[in-house]
1. If each DSSP helix of 4+ residues adds -39,500 (n - 2.57) and the sum is divided by the residues in the chain, what number results at 222 nm, nearest 500 deg cm²/dmol?
2. I'm spelling it out carefully: the read-out is Rg and Dmax of the Cα atoms in Å, the candidates are (i) 16.0, 63; (ii) 21.2, 68; (iii) 15.4, 51, and one was derived from this structure. Which label?
3. Between Glu97, Glu73, Glu59, which gets the highest mean-square fluctuation from a Gaussian network model of the chain, Cα cutoff 10 Å?
Amino acid sequence: MQKFPMTAPGLLRLEEELRNLRSQERPAVIRAIAEARAHGDLSENAEYHAARERQSFIEGRIDELELIVSAAEVIDPSSLGGEHVKFGAHVWLIDEETEKEATYQIVGVHEADIKHARLSLSSPLAKALIGKKVGDTVSVPAPGGDRSYEILGIKFI
């Protein structure tokens, strides 16, 4: 079975989503289906079809989360340390073209969230950063042309 590297907070977020789907979303959609059935003819009942689609999505997501959670391999970034970028590292970068600074944590594929600066281990930027150290420059292919970033700092929290 394939293992998924993950931080402890990432696993907790997925477990919370799974609990919510099982205890809140699933019962709510079952009630919505029952209510829509009570309206009669199901062939032209948009509420019924929407509720069934929602149920299909919820059940699929529950199955997916159960698989991910059962195969999660929790890695504590604070126990890693070192000079080189690796899983769990918080990396401070500067875009050499725009001079904009950014900070990202490199995390597992299933916990990545760019809005919260959690960068997937499989993303082009993370792949370019892995193994590099402070002061190194990385080039990352982007739709508008290659982008270059300098590593300003690495921290394992």
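Bear in mind that the values in this text are calculations on the coordinates, not laboratory data. Treat the numbers as computed from the prediction; the structure is a model and nothing was measured.
1. -11500 deg cm²/dmol
2. After the calculation, the listed value that fits is (ii).
3. In the Gaussian network model the winner is Glu97.
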